[in-house]
1. Filter LYS51/LYS149; LYS64/LYS122; LYS34/LYS149; LYS34/LYS122 down to the pairs with a C-alpha to C-alpha distance above 21 Å, please.
2. Each residue of region 129-135 in turn: what ³J(HN,Hα) in whole Hz from Karplus with 6.51, -1.76, 1.60 and θ = phi - 60°, glycine and Pro shown as x?
3. Could you go through region 53-68 in sequence order and give the Karplus-derived ³J(HN,Hα) for each residue, using 6.51 cos²θ - 1.76 cosθ + 1.60 with θ = phi - 60°, rounded to whole Hz, and x for Gly and Pro?
4. Pull out the extension gain between GLU25 and ALA191, defined as 0.36 nm times the separation in residues minus the alpha carbon to alpha carbon distance; nm, one decimal.
5. I'd like the FRET efficiency for ALA172 and PHE61, computed as 1/(1 + (r/R0)^6) with the beta carbon distance as r and R0 of 30 Å, rounded to 0.05.
6. Please give the FRET efficiency for GLN83 paired with LEU217, using the beta carbon to beta carbon distance and R0 = 30 Å, rounded to the nearest 0.05.
7. From the square roots a ≥ b ≥ c of the eigenvalues of the alpha-carbon gyration tensor of region 114-179, which class results: rounded (a/c under 1.5), prolate (a/b over b/c), or oblate?
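Laboratory data are not the source of any read-out in this text; all were calculated from the coordinates shown. Worth saying up front: this structure is predicted, and the values here are computed from it rather than measured. Reconstructed Cβ throughout: ideal geometry from the backbone, glycine too, with neighbour counts over all protein chains shown.
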Amino acid sequence: MKKSILILLISLFPVVVIAAGPDQERPHWSLEVKGGLFEPDIPNWKESYGKSTTSELAGAFAYKITRRVELGIEGGYAWASGQGLAPLHSQIAGSPVFAGHVDYKLYPLSAFILARGVFNEKQVVVPYIGGGWTRMYYEEKTDFQGTIKGHADGYHGRAGLQFLLDGIDESATNSFYEDYGVFHTYFFMEAEYSRVMAETVNDGNVNLGGTSWLAGLLFEF
């Protein structure tokens, strides 16, 4: 009798292993894609570019040290075009009669630590907070004055809320896990502030950072 039970348990073991899924394990990695608005701290930005914000795109990849704490890297891109003041040149672009065209680009690269307030795998709303080091690569091309390129180092902080999407379509969630190993998918909203001081050609300092308002998708696997 005991031998028969043992044989039955052994035969069922592979089934148990196959049935294991998002509810039986925890994710170890996270991937974010996001976009939104960036509000630079550069003085007179609105006068030069017509509005106080510009567009920003970013992506992040992180390893979960524990279920709630992770280390990661993030890369982004922000851009704007305008007429008149060139922030890094610290003077009027072109002449008073024919204002020069300005193309401004930022490429932030960050290393961060982040804590998520997740206490179970089916938690619908998860708050998080984090921050770290930021290197800002910049490029400013101005008519009649050439192009300025360089980088500066600083820091950033962020906080946000993520909303679990798994319950919207559980069959799709299970398929996503079986096909790609994704445990959870979240929609999130985030605010981030960065401070990265750079010198201008007139030996003044300008903060290349500012405030970002972003939204995107988070995949945990």
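1. Exceeds cut-off: LYS51/LYS149; LYS34/LYS149; LYS34/LYS122.
2. Per-residue couplings from phi come out as 8, x, x, x, 8, 9, 10 Hz.
3. Taking θ as phi minus 60°, the curve returns 10, 9, 7, 9, 10, 7, x, 9, 9, 9, 9, 8, 5, 10, 4, 9 Hz for region 53-68.
4. 56.7 nm
5. It comes out at approximately 0.80.
6. According to the calculation, E is roughly 0.25.
7. In terms of gyration-tensor shape, prolate.
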